[in-house]
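What follows is one structure encoded as structure tokens, with my remarks underneath.
The values are calculated or read from the model by the stated rules, or taken from the named source; none is laboratory data. From a predicted model like this one, the values you see are computed outputs, not experimental measurements. Using ideal geometry, Cβ is built from the backbone for each residue, glycine included, and neighbour counts are taken over all protein chains shown. SASA here: full protein model, heavy atoms, side chains in, ligands and nucleic acids out. Shrake-Rupley method; radii C 1.70, N 1.55, O 1.52, S 1.80 Å.
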Amino acid sequence: MKLDIGTTDDVFDALANRWNAIVQRSHSNLIFLTIEWQQTWWEAYHPGDLYVVVGYTDGGEVVGIAPWFIHDCSGRSTIHTIGCVDVTDYLDIIVEPEHAQAFLVALADHLAGPDARCR
């Protein structure tokens, strides 16, 4: 599993053709996770630095998306889901069920590793 980090608004355009298909196949098939909701919320609020983690198979197919942003407060960085809890219900990581374990392991390794932005 290969991970890329999207840190600019271009990530929404880059994933537009795959995002909702992954949502529909995920265990969290909810309107709040669609690209339309996520991108609109981000454009309206953008309260931090975009940090969308995208998981790819070895063949280059997008199979997982962690739609997050990093918020810095008093010198401390925290990861939040796009949509936050005060505005949107039912937020989650978006991943195709057959790739969930590999994506979540890669995501955990990334967050625990030296290249993770949020410390």
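When you look at residue 36, is it surrounded by fewer than 17 Cβ atoms within 10 Å (Cβ to Cβ) and over 15 Å from the mean Cα position of the chain (by Cα), yes or no?
Working: surrounded by fewer than 17 Cβ atoms within 10 Å (Cβ to Cβ): yes; over 15 Å from the mean Cα position of the chain (by Cα): no.
No.
Determine, yes or no, whether residue 93 is open to solvent by 30 Å² or more (accessible area, probe 1.4 Å) and touching a residue at least 24 places away in the same chain (Cβ under 8 Å). Don't jump to the end; show me each part of the working.
Working: open to solvent by 30 Å² or more (accessible area, probe 1.4 Å): yes; touching a residue at least 24 places away in the same chain (Cβ under 8 Å): yes.
Answer is yes for this residue.
Being surrounded by 12 or more Cβ atoms within 10 Å (Cβ to Cβ) and under 24 Å from residue 109 (Cα atoms) is the requirement here; does residue 66 meet it?
The answer is yes for residue 66.
Please work out if residue 72 is exposed (fewer than 15 other Cβ atoms within 10 Å of the Cβ), part of a strand (DSSP E or B) and out of contact with any His (no Cβ under 8 Å at 6 or more places or on another chain).
yes
Among 77, 28, which is the only one that is part of a strand (DSSP E or B), out of contact with any helix residue (DSSP H, G or I) (no Cβ under 9 Å at 6 or more places or on another chain), surrounded by 12 or more Cβ atoms within 10 Å (Cβ to Cβ) and small (Gly, Ala, Ser)?
Testing whether each residue is part of a strand (DSSP E or B), out of contact with any helix residue (DSSP H, G or I) (no Cβ under 9 Å at 6 or more places or on another chain), surrounded by 12 or more Cβ atoms within 10 Å (Cβ to Cβ) and small (Gly, Ala, Ser) leaves just 77.
What is the residue count in the range 5-17 for residues that are outside any helix (DSSP H, G or I) and open to solvent by less than 60 Å² (accessible area, probe 1.4 Å)?
Here the count works out to 2.
I'm trying to understand the selection: among the residues of the range 39-55, which are over 13 Å from the mean Cα position of the chain (by Cα) and closer than 21 Å to residue 26 by Cβ?
Within the range 39-55, the subset over 13 Å from the mean Cα position of the chain (by Cα) is 40-41, 43-48.
Result: 40, 41.
Restricting to the range 31-50, what's the tally of residues that are within 16 Å of residue 92 (Cβ to Cβ) and outside any helix (DSSP H, G or I)?
1
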